[in-house]
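Shown next, in structure tokens, is the structure this report addresses.
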Amino acid sequence: MNWKDLASAGKSISKLDSLDLKEETRDCMEAVMCAMAASGKVQQMALIAQTLEKVDVQTNIAETLAELNKTIASMKQPEARKESVEDTVTLTKAQFEDLKAQLSGK
């Protein structure tokens, strides 16, 4: 592409209000934009970025809300005990002192 083509395309894109694209198409354009940047074709990359700015992002609110509800529900659940009762030993202070004395050899 020569600079005149890029300038013309840029003017056409700037006149757009919004652009409807499928999510897969948007992902493809983002990948091509990265490839253009990596290959040093920054003008083409900028043109794709300008196009992506015009994309009208639509989200399925029902799916997003369902995922949010799952997240909230998991956060409200009490945490599982990290240690079992079998791993816990309870000693009185006197028992602890006796055990400490036995282990130290006194």
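Looking at the range 9-23, which of its residues are surrounded by fewer than 12 Cβ atoms within 10 Å (Cβ to Cβ) and either of a type outside the set (K, R) or touching a Gly at 6+ places or on another chain (Cβ under 7 Å) (or both)? Even if it seems obvious, please write down each step before you answer.
Taking the range 9-23 first, the residues surrounded by fewer than 12 Cβ atoms within 10 Å (Cβ to Cβ) are 11-12, 14-15, 17-18, 20, 22-23.
S12, S14, D17, S18, D20, E23 - these are the residues of the range 9-23 that are surrounded by fewer than 12 Cβ atoms within 10 Å (Cβ to Cβ) and either of a type outside the set (K, R) or touching a Gly at 6+ places or on another chain (Cβ under 7 Å) (or both).
Which ones in the range 1-39 are of a type in the set (D, E), closer than 15 Å to V55 by Cβ and over 29 Å from the mean Cα position of the chain (by Cα)?
none
Of all residues being acidic (D, E) and surrounded by 10 or more Cβ atoms within 10 Å (Cβ to Cβ) in the range 24-55, which is farthest from N2 (Cα to Cα)? Just the residue, please.
Of the range 24-55, the ones acidic (D, E) are 24, 27, 30, 53.
Next, from what is left, pick out any that are surrounded by 10 or more Cβ atoms within 10 Å (Cβ to Cβ): 27, 30, 53.
Details: D27: 25, E30: 22, E53: 23 Å.
Here the answer is D27.
Just so you know, all these numbers are worked out from the coordinates, no wet-lab data involved. A quick note: this is a predicted structure, and the numbers were derived from the prediction, not measured. FYI the Cβ positions are ideal-geometry reconstructions off the backbone, even for glycines, and counts take in every protein chain you see.
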